1. If you take the residues in segment 240-280 that are polar (S, T, N, Q) and assigned to a helix (DSSP H, G or I), which one is farthest from the ligand (Cβ to nearest atom)?
2. Look through segment 308-334, keep the residues that are touching a residue at least 60 places away in the same chain (Cβ under 8 Å) and within 16 Å of the ligand (Cβ to nearest atom), and return whichever of them is nearest to K228 (Cα to Cα).
3. Could you please let me know if S291 is among the small types (G, A, S) and touching a residue at least 12 places away in the same chain (Cβ under 8 Å)?
4. When you check F289 against the structure, is it within 11 Å of the ligand (Cβ to nearest atom), on the phi < 0 side of the Ramachandran plot and outside any loop (DSSP other than H, G, I, E, B), yes or no?
5. Within segment 243-277, which residues are over 20 Å from the mean Cα position of the chain (by Cα) and closer than 24 Å to Q307 by Cα?
6. Could you tell me which of the residues A280, A262, A344 is aliphatic (A, V, I, L, M), closer than 24 Å to G235 by Cα and surrounded by fewer than 17 Cβ atoms within 10 Å (Cβ to Cβ)?
7. Looking only at segment 85-131, which residues are part of a loop (DSSP other than H, G, I, E, B), surrounded by fewer than 18 Cβ atoms within 10 Å (Cβ to Cβ), touching a helix residue (DSSP H, G or I) at 6+ places or on another chain (Cβ under 7 Å) and of a type outside the set (A, V, I, L, M, F, W, C)?
8. Looking at segment 263-274, I want the residues that are closer than 22 Å to I16 by Cα and have a partner that is part of a loop (DSSP other than H, G, I, E, B) and among the polar types (S, T, N, Q) with Cβ atoms under 7 Å, at least 6 apart or on another chain. Which pairs are those?
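The values are calculated or read from the model by the stated rules, or taken from the named source; none is laboratory data. It should be emphasised that the depicted structure is a prediction, and the values quoted were computed from it without experimental measurement. Here the Cβ positions follow ideal geometry from the backbone for every residue, glycine too, while neighbour counts run over all protein chains shown.
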Amino acid sequence: MPGREVPRSMTAQTLIDTAQALVAGDKGLLAMDESNATCNKRFAALGIPQTADARRDWRELIVTAPSLGACISGAILFDETLRQQTKTGTPFAKALADVGIIPGIKVDTGAKPLAGHPGETVTEGLDGLRERLAEYAGMGARFAKWRGVITPGAGLPSRACIEVNAHALARYAALCQEVGIVPIVEPEVLMEGDHSLARCKEITEEVLDVVFVQLRSQGVLLEGLLLKPNMVLPGQACPTQETVDEVADATMSCLLRTVPAAVPGVAFLSGGQSAQLASARLNAMNLRFKSQLPWALAFSYSRAVQQPALDAWKGDTANVASAQKALVHRARCNQAARRGDYDAMADAPK
Ligand code: 13P
């Protein structure tokens with residue numbers, strides 16, 4: 001089914017402008033939209049109190065990190081954070097916008113067990129989404145995120161899991177575009193497991209094919225969205241771990257087959273890769289393929305940008321400056337990777 005013609009309505013133009021701004025130049029996105037449960041889990045591992053105040057302090061540390069706006073184009077917030085303020089009383093969305101970072105919002109309500117399909121999930125959050133999006137737009141959010149989860153395994157994923165998640169991603173994307181919010185479409189094939197890189201490629205290709213069929217059939221404007229996919233990787237427990245260049249080749253071959261040229265940008269998730277590998281692999285893709293690609297190749301990492309900073313902070317005010325330094329360092333490494341300029345040797349863990 002053909003995609004919708006580009007309507008040059010004001011809303012369509014807003015979508016196109018925002019999507020392009022998010023992947024312009026060499027900046028990327030920062031995912032700081034962990035749900036309270038996920039944020040608490042990461043805090044617990046470091047002995048940080050699992051409270052709304054501690055989450056607020058952590059998000060303030062991120063948003064006020066010096067020069068973050070020089071390397072980050074947009075930041076994805078969780079509902080709680082969008083409603084919080086800095087200590088001086090500035091809402092986080094405004095604090096971001098003041099340093100040139102576009103505020104975004106995670107709008108799915110999480111991956112829930114898929115009926116009849118043990119071990120698989122469907123992401124929920126469509127009920128009432130139109131009203132929530134209108135509220136978020138009023139609070140300054142200009143883009144949104146929804147993550148569908150695909151789990152490789154014996155006989156998995158099922159076609160049913162791929163289809164329901166793709167259908168939900170497209171319904172979410174259409175609702176976002178209705179109010180001028182750019183949808184980030186995130187179908188994640190997990191890297192947990194012992195599957196091979198070849199199997200990840202096969203699954204990712206099928207998933208992206210189905211996602212774009214759904215986006216087209218539901219009339220989503222491809223020029224006004226961003227794709228946030230996984231890289232094509234061997235499972236973490238797979239005995240064969242391909243090189244950085246092999247991962248770059250497999251990922252690019254997969255995306256070139258499946259992602260329409262009308263899409264302005266691809267911004268990868270990090271998915272549990274180390275911070276250094278996430279930078280090195282993005283760098284290899286840009287270095288070797290950028291001139292052949294119809295879309296920008298950017299990042300939308302959470303763990304690969306935040307984790308070293310969280311490890312440095314540990315919930316202690318005395319560590320704020322060193323944590324901010326670690327955060328901006330990772331953002332700058334990924335900015336360099338967008339240009340194909342990342343120096344993996346200089347960035348090796350000491
Ligand atoms: P990771 O980069 O930690 O995978 O997180 C990205 C994200 O936004 C997951 O939804």
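1. S253
2. Checking each candidate, the answer is N334.
3. Working: among the small types (G, A, S): yes; touching a residue at least 12 places away in the same chain (Cβ under 8 Å): no.
Taking the combined requirement at face value, the residue does not satisfy it.
4. Working: within 11 Å of the ligand (Cβ to nearest atom): no; on the phi < 0 side of the Ramachandran plot: yes; outside any loop (DSSP other than H, G, I, E, B): yes.
It is false that F289 is within 11 Å of the ligand (Cβ to nearest atom), on the phi < 0 side of the Ramachandran plot and outside any loop (DSSP other than H, G, I, E, B).
5. T243, V244
6. Working: A280 fails: surrounded by fewer than 17 Cβ atoms within 10 Å (Cβ to Cβ); A262 fails: closer than 24 Å to G235 by Cα.
Matching residue, one of A280, A262, A344: A344.
7. Hits for segment 85-131 are T86, K87, G100, H117.
8. Qualifying pairs under 7 Å: L269/N230.
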